[in-house]
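No lab work stands behind these numbers, since they all come straight from the coordinates. What you see is a predicted model, and the numbers here were worked out from it, not measured in a lab. Backbone-built Cβ (ideal geometry, glycine too); neighbour counts: all protein chains shown.
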Amino acid sequence: MGTQGGRAAGHARVAASILDADAANLGREIRRGERGGADRLHLDVMDGHFVPNISFGPSTVAAIRRVTRLPLDVHLMISEPSRFVEQFLSGGADSVTVHVEVDEPKEPTLRAIRAADRAAGLAVSPQTPIEALDPYRGLVDIVMVMGVNPGFGGQALITECVAKIPRAREFLVDRPLGEVHIDGGVNRDNAELLGAAGVDILVAGSALYRRGRDLGREVRLIRSLADEGWAISHGAPRVPRDRWVPVVVVERERAEPIRAELGAIGIPAIVVASEERPATGRREVLVPAPAESYVRARLPDLMRPPVKAALASGARGQSGIRSR
Ligand code: DX5
Ligand code: ZN
């Protein structure tokens, strides 16, 4: 991920929504986001049918992919995501989120996203309860809680939506690297509240791109206020998701099957030579810090021979967003 603009050590991350950026100078606006230290770009696709507005489509996403290394979260506010999902995947989206309210089967679309090794998301509009997600348990890496009625930037956060954030986190309990996003109405005045509720990714459009704003300062404020909100109400800072921690040291030939099994349950792992002295040739398995306790609790299963690695083939390797 980008380090321009000073990477925060905390947990919360800011996704810059370019919906209200200067569309005639999109490249420049994206560089502004990068230089300002935005962690991701959030790309709003609208079809004039699911929402009363039209934005852009797959070719714009692909064009953006060519000019930035920031991860791209694609938010589909369209009635038939299944028709277009492949184009967004081949265009280089790192995650694709579809609305749970669309009137077509969502499961095949979520599976297609996972099959492409990208993160699959479901978005919930303000009037939709989190329970609407229940049929999709185990298929989702991102829950995007809408803070406004989808369609336009620059609206005020509907504060009732904040109560859905902890419930979204509960929904992802078996996905320790799953992410809760809040989209719409985010700014420095409500970032602390949103952080306290447990959000991982704060999507901000007009708060960053409105004329005259110091984008970098807004990104830093939103991120640090969200972390502070969490710390004030929970006492301990959240663990950054991009820190890797060792969970086990094993014989060389056992490391790869463990890595494959972790991948099958959505947890990326890396295998490195153990630093034991004298050198033993054993391997150390590392996972992202937020998944540590989840993995440790399951180690006895993961280590039990014969390993179930064969079952893991074809499963998605990673939950959440790939780093670039
Ligand atoms: C709304 C979009 C949001 C929007 C956020 O339908 O999904 O991503 O761009 O804009 P702000 O931050 O201005 O509410
Ligand atoms: Zn959005």
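Structural remarks
- Once the Cα atoms are used to define both axes, helix 252-264 deviates from the longest principal axis of the chain by about 30 degrees.
- The chain - charge dipole about Cα centre, Lys and Arg +1 at Cβ, Asp and Glu -1, debye rounded to 20: 1060
- For the range 4-139, a Kirkwood hydrodynamic radius built from all Cα pairs, placed in the Stokes-Einstein relation at 10 °C and 1.306 mPa s, yields a translational diffusion coefficient of 102 µm²/s.
- Pair-distance profile P(r), taking every C-alpha pair of the range 44-117, with 5 angstrom steps and integer %: 3, 17, 30, 25, 17, 6, 1
- Length gained on full extension, Arg35 to Glu80, computed as 0.36 nm times the residue gap minus the Cα-Cα distance: 12.7 nm.
- The chain - share of DSSP beta bridges that are antiparallel (%, nearest 5): 25
- Scaling against 2.2 N^0.38 Å puts the C-alpha radius of gyration of the range 155-214 at 1.20.
- In this simple spin-label approximation, Gln87 and Arg304 carry label points 7 Å from Cα along the Cα→Cβ vector, and these lie 4.7 nm apart.
- Fully extending the segment from Glu275 to Thr159, taken as 0.36 nm per residue of separation minus the present Cα-Cα distance, adds 36.8 nm.
- Calculated P(r) of the chain - Cα pairs past 30 Å, %: 33
- The order of Leu202, Leu172, Leu26, going from fewest to most other C-beta atoms within 10 Å of their C-beta, is Leu26, Leu172, Leu202.
- Quarter the surface of the alpha carbon convex hull of the range 197-286 and you get the mean projected area, 9.0 square nanometres.
- Angle in degrees between helix 215-234 and the longest Cα principal axis of the chain, rounded to the nearest 10: 60
- Whole-Å semi-axes of the ellipsoid equivalent to the range 110-231 (Cα gyration tensor, √5λ, descending): 25, 15, 15
- Using alpha-carbon coordinates, inclination of helix 81-90 to the longest axis of the chain, degrees: 70
- Size-normalised alpha-carbon gyration radius of the range 116-160, reference 2.2 N^0.38 Å: 1.30
- Here the Karplus curve 6.51 cos²θ - 1.76 cosθ + 1.60, taken at θ = phi - 60°, turns the phi angles of the range 182-196 into couplings of 10, 10, x, x, 7, 7, 5, 6, 10, 4, 5, 4, 5, x, 4 Hz, with x standing for Gly and Pro.
- Spacing of the two label points (7 Å from each Cα toward its C-beta) at Val173 and Val249, in nm: 3.5
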